Amino acid sequence: MSSTVPASAPALIRQSSFLFFLLSRSLSRFSSQIAGVAIGWQIYDLTGSAFDLGMVGLVQFLPTALLLFLAGHAADRFARKRVVALCQLAEALTALFLAASTFAGTLTELQIFVATFVLGISGAFESPALSALLPEIAPQGSLQRATAISSGAAQVATISGPALGGLAYAFAPSLPYGIITVFCLLAAIVMNAIPVAQQAPGKDEPTSDDLFAGIRFIRNNPAILGTISLDLFAVLLGGVTALLPIYARDILFTGPLGLGILRAAPAVGALAMTAVLARHAISRRVGMRMFQAVIVFGAATVMFALSHWMWLSVLSLAILGAADTVSVVIRFSLVQLSTPNEMRGRVGAVNFLFINASNQLGQFESGITAALFGAVPAAVLGGVGTIAIALLWMKLFPSLRTVEKLE
């Protein structure tokens, strides 16, 4: 553990490498949020099929599962900022194709799925490299604060990106893709300008030992295994956001505007907590704080599930988002600081797969449970299950519970 005094939030923002990282990641996050709205709306407009709409998520997830080991190895073998910049360039070219085809009126359903698959490939390679890059540029002792600021910027994109995408699509269906093209090109330029030390060259040819080293490393480190698996099961059980349309229409009796407020509430809570963590880093008992945050997440889920008042539902979701941010910041910092630099890409790829799988499968689990038992029992069951998982993991991974400091 380092005794270095961590940089303050303003000092981090003034540091060129972190500022470039933040700008590039924010532009990329805005692009993904705009793409989610535009592609979803366009595929449903073309086909009118809910099944095809659901297939968009599956097509984006498949590359993550298929390319997990190659993506992690690439992040450890090549210069990470180059990997990220190339992925952003690929996303810009894909968006340019979608913009031109939409403008010309020749875009087909198959072309959208192919483009979505390409975006999924880019995301599969970009995310591990991006997560492994942050510890390289954050000043010593400041990773937790840098993670909080980066998470806050992502939440801003999550809140405003879909609105920007929807507004642009209403103006012209090709406009969102044009915006994505510009944003991704700028993101690639800024990412490439980050000053970072040259990585040691990797082996000429990856071996099976190289590719699967991330899984072996996680399996042999109980704290990291516990951290990643806790995220997987907590999100898997606590995926209440998939049920928000049901709550908005049938339980809270509000319209599309109310649904938009409900969807924004977790991000607003997360952004508020980010502002707190950027100024006041968690300095002690971080392992226990992470478990407490997951328990609060579960309790807020139960409170939302039982609420029949709009104000209480919004408050519950905001608390849920704030608790999740505490957990995310601690989990990310713990995993990155516990992993050697030369392994961060491969470990990050496994972590990215777990996050994606938990989000996708969590929505599926919530939908199936709601279909069987109803929305309220499904949400209550998810919240109680999240609390139970946190308590069980405290027993199964005592080394994680007793982590005192991150840096």
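At R0 = 51 Å, how high is the FRET efficiency between TRP311 and ARG216 if r is their beta carbon distance? Nearest 0.05 is fine. Result of the calculation: an efficiency of 0.55. Accessible area per residue for region 92-139 is 38 Å², calculated with a 1.4 Å probe on protein heavy atoms, without ligands, DNA or RNA.
Evaluated at q = 0.11, 0.12 Å⁻¹, the base-10 log of the normalised Debye intensity for the chain, with identical point scatterers placed on the Cα atoms, takes the values -0.82, -1.00. Size of region 34-105: Rg and Dmax of its alpha carbons, in Å, are 15.2, 44. Run a plain Debye calculation on region 1-138 (Cα atoms as equal point scatterers, no solvent) and give log10 I(q)/I(0) at q = 0.15, 0.16, 0.20 Å⁻¹, rounded to two decimals, same order as the q list. So the normalised log intensities work out to -0.81, -0.88, -1.17. Sorted largest first by accessible area at a 1.4 angstrom probe radius, with every protein chain in place, the residues GLU136, GLU126 fall in the order GLU136, GLU126. Model label points for LEU259 and ILE189, set 7 angstrom from Cα along the Cα-to-Cβ axis, are 3.8 nm apart. Its alpha carbons give region 103-180 an Rg and a Dmax of 17.0, 53 Å. Taking a span of 27 Å or more along the helix axis (Cα atoms) and a mean Kyte-Doolittle hydropathy of at least 1.6 as the rule, the DSSP H helices of the chain that qualify are 286-306, 310-337, 375-396.
Over the chain, with every protein chain in place, what whole percent of the accessible area is carbon and sulfur at 1.4 Å, could you tell me?
Here carbon and sulfur together make up 70 percent of the probe-accessible area.
What does the net charge come to around LEU317 if you take all other residues with beta carbon closer than 11 Å to its beta carbon, with K and R at +1 and D and E at -1?
Summing Lys/Arg as +1 and Asp/Glu as -1 gives 0.
The heavy atoms of TRP309 offer some 150 square angstrom of accessible surface to a 1.4 angstrom probe.
The values are calculated or read from the model by the stated rules, or taken from the named source; none is laboratory data. For clarity, every value in this text was computed on a predicted model and none was experimentally measured. Neighbour counts run over all protein chains shown; Cβ positions are idealised from the backbone, glycine included. Keep in mind that these areas ignore ligands, DNA and RNA; they rest on the heavy atoms of the full protein, side chains included. Shrake-Rupley method; radii C 1.70, N 1.55, O 1.52, S 1.80 Å.
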